[in-house]
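First comes the structure, then the notes that go with it.
What follows draws every value from the coordinates through simple rules; no lab data is involved. Since the structure is predicted, the reported quantities are computational estimates derived from the model, not experimental observations. Note that we place each Cβ from the backbone using ideal geometry, even for glycine, and neighbour counts take in every protein chain shown.
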């Protein structure tokens, strides 16, 4: 689901985060395990009034320890229960070219 003002309002996230999150997709808790490696991830606090936005970096893998990002390892339960996850696929030049061909 693309990020827009209504999604941020529904998730109780400040609209000032829109500029950072507009190119990202919101990933619901039940779809987190289906993420493809190599994408960029932002984590936003769920259940606190003053929400923080955390750039977790590039997503590497999921193991028993948790989610491996370029900034470190975050336990799986913490990602699912404490944060909203926003994800953007790293586009290669060939993917960009194919997207332009599809538009033509």
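Here are a few things to note about the model shown:
- This ranking places 25, 83 by how few other beta-carbon atoms lie within 10 Å of each, fewest first, which gives 25, 83.
- Extension gain for the segment residue 80 to residue 50, taken as residue separation times 0.36 nm less the Cα-Cα distance, is 8.9 nm to one decimal.
- Put simply, when 5-11, 53-59 are sorted by average Cβ atoms within 10 angstrom per residue, most first, you get 53-59, 5-11.
- Calculated [θ] (222 nm, deg cm²/dmol) that DSSP helices of n ≥ 4 give over the chain, each run adding -39,500 (n - 2.57): -6500 deg cm²/dmol
- Cα gyration tensor category, rounded, prolate or oblate, for segment 5-103 with a/c compared to 1.5: oblate
- Inter-part distance, segment 62-86 to segment 1-51, computed on C-alpha centroids, equals 14 Å.
- Contact order normalised by residue count of the chain, Cα under 8 Å, 6+ apart, percent: 26
- A simple spin-label model places the labels of residue 30 and residue 63 3.0 nm from each other, with each point 7 Å out along Cα-to-Cβ.
- Put in line by how crowded their Cβ is, counting other Cβ atoms within 10 Å and starting with the fewest, 64, 78 read 64, 78.
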